1. Could you pull out every residue, at least 5 positions away or on a different chain, whose amide H is within less than 5 Å of the one on Leu40? Hs are placed 1.01 Å off N in the peptide plane, and Pro or chain starts have none.
2. From the cross-link list Lys23/Lys166; Lys100/Lys166; Lys23/Lys84; Lys2/Lys148, which pairs have alpha carbons spaced over 29 Å apart?
3. Hey, can you grab everything whose amide H is under 5 Å from the amide H of Lys49? Only 5+ residues off in sequence or another chain; H modelled, so Pro and N-termini drop out.
4. Cα to Cα, under 19 Å, and not fewer than 8 places away if on the same chain: which aspartates and glutamates meet these conditions relative to Lys110?
5. Under the Kirkwood approximation for Rh and a Cα-based Rg, what ratio Rg/Rh is obtained for the stretch 46-104?
6. Given Cα pairs under 8 Å that are at least 6 residues apart, what percent is the relative contact order of the stretch 9-141?
7. Cα-Cα pairs above 24 Å in the stretch 20-156: how many percent?
Amino acid sequence: MKQAQVLSDVEFKRVVALVRNGKNRMRNEVALCLSFWAGLRVCEIAALKVSDVYEQNGAVKEVVNLAASQTKGNDSRQVVLNEKMQKLLRVYWLQSQAYKFNGALIPSQKSYKHFSANSLCQVFWRIYKEAGFSNASSHSGRRTFITKLANVSVNAKVIMTLAGHKNLSTTQRYIDVNQTQLSSAVNLI
């Protein structure tokens, strides 16, 4: 089975620019960035509540605690939000304060309730298709997140923990290797 495409920085910026000019722009940008900048699975993004990410006063949490029911492996885990993600979420709070505090962070347009994981996958698929990526999927952001961490020499155990994997071999399957990386590696010797 072919793995989801890993996007370069230029390709990611192209997708974000497309989202910013489309329908539901802020919601879709937050969903996309949770995948690329926090490494969340689409089912985890779909399950997030406003209260998972924000304090009662609207402050963005630095660490999101995912309940077992919100994760793929049915194991609770923590997700660390980088500064870029926190900044985007602060803007999102200002634009979406009408949502219920215990409601969906990424609400569907029709009901303002949680997307199903499958429906959110379809949103990602449409975005990538419109951006011209035929091999990208809802897993592309997660693979890009893990690959970028590996490319800047983050410890494999740290990457595994951030990804919420139980086995290092699972994490290693996510890492994309290309010719530029191979050439750079041998030139270190």
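1. So Leu40 has HN proximity to Ser35.
2. Lys23/Lys166; Lys100/Lys166
3. Leu105
4. Glu29
5. 0.97
6. So the answer I get is 30 percent.
7. Roughly 26 percent, rounded to a whole number.
We did not get these values from a lab; they are worked out from the coordinates using the rules stated. Because the structure is a prediction, the values reported are computed rather than measured.
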